[in-house]
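Worksheet for the structure shown next.
The values are calculated or read from the model by the stated rules, or taken from the named source; none is laboratory data. Note that the structure is predicted; figures quoted are calculated from it, not measured. Ideal geometry is used to build each Cβ from the backbone, glycine not excepted, and the neighbour counts take in all protein chains shown.
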């Protein structure tokens, strides 16, 4: 990095480079995201920045003016998350200029997602940019890059079949349940968490014929709102012992920092069941389900990485569309980079 030439940079880690355990460490809740943003604002070498934080990635995009800025960013991320430098070195990656744009295009279009072609990521990228824009963290370079990113992602969605079939982590989870149980009309489904993923998961179960769906949330009114949209029942997390004892399938997607479904809680529920299997699908990061619960008899636990492996089996038939998407994005990246380079070299 030349100190005289500003650089568009990306520092990040994702499901492609980091294990589930490391991604849990790097995950930014609201408090840690604010702390990291404060550190970035105080760095003299950082001119603009945006934080993208999802279940499967933490990525910092920005404009750097000094050669040692990347090392400072690396240190700030470690300090904020508690991730060791060695862990971040092994799980992280950097991109500069043209390559940073290409990566963001791929991310927003769903090509870099754990479930290739999923649509939620574009909304997450927009939320990240909107938050940065409102906080005055962006400037002419990132504003241009992100606006062009949204145009590219929209073009991919409109002109290719990469997202055919309403692909999402929720639909993959429900497809898995369908493989295991066949007809879902007689299964007892429990969705823990009433946020966006929880709601979409409940809706996906409903669309596959499930008629007994309970949505449980820390705030009962939130559970009631989600249940009303899926024709289900609402419950509070305080009712989990009884709900687990009755459920066949549990899909959990809260934002809790610790396990919501501990091994002890699951074990207690299993004692109240007549040897019926219990399938726990963990859609959260940090994880909601204690992995040790899988040690219990008749308990089966699936996490985000497990679902991604299942989705990969369905990717082969869409490989031609993936290649087509990459070619389109490469053309758009090549067209945008000269404009960004001009902005980077503009004094100010």
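Quick notes
Rundown of residues vs (1) under 23 Å from the mean Cα position of the chain (by Cα); (2) at positive phi; (3) not in a helix (DSSP H, G or I), yes/no style:
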site	(1), (2), (3)
272	no, no, yes
275	no, yes, yes
279	yes, no, yes
285	yes, no, yes
305	yes, no, no
324	no, no, no
330	no, no, no
337	no, no, no
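- Residue 177 without any contact (Cβ under 8 Å) to a residue 40 or more places away in the chain, closer than 16 Å to residue 248 by Cβ and touching a strand residue (DSSP E or B) at 6+ places or on another chain (Cβ under 8 Å): no
- All positions within segment 14-26 that are part of a loop (DSSP other than H, G, I, E, B) and out of contact with any strand residue (DSSP E or B) (no Cβ under 9 Å at 6 or more places or on another chain): 19
- Some residue of segment 126-143 being crowded, with 18+ Cβ neighbours inside 10 Å, part of a helix (DSSP H, G or I) and without any contact (Cβ under 8 Å) to a residue 60 or more places away in the chain: no
- Verdict on residue 73 being modelled with pLDDT under 95, within 24 Å of residue 136 (Cα to Cα) and not in a helix (DSSP H, G or I): no
For (1) under 25 Å from residue 119 (Cα atoms); (2) in a helix (DSSP H, G or I), each residue gets a yes or a no:
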| position | (1), (2) |
| --- | --- |
| 172 | yes, yes |
| 191 | yes, no |
| 206 | yes, yes |
| 225 | yes, yes |
| 239 | no, yes |
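- Scan of segment 27-50 for residues that are outside any strand (DSSP E or B), farther than 26 Å from residue 116 by Cβ and either in contact (Cβ under 8 Å) with a residue 12 or more places away in the chain or outside the structural domain of residue 74 (by TED's automatic domain parsing) (or both), ordered by number: 29, 32, 33, 35, 36, 37, 39, 40, 41, 43, 44, 45
- Qualifying residue in segment 103-117 (condition: outside the structural domain of residue 212 (by TED's automatic domain parsing), modelled with pLDDT under 95, outside any loop (DSSP other than H, G, I, E, B) and within 30 Å of residue 243 (Cβ to Cβ)): no
- Within segment 101-136, being farther than 26 Å from residue 167 by Cβ and touching a strand residue (DSSP E or B) at 6+ places or on another chain (Cβ under 6 Å) holds for one residue alone: 132.
- Residue 24 vs. criteria farther than 18 Å from residue 122 by Cα, in contact (Cβ under 8 Å) with a residue 40 or more places away in the chain and within 17 Å of the chain's Cα centre (by Cα): yes
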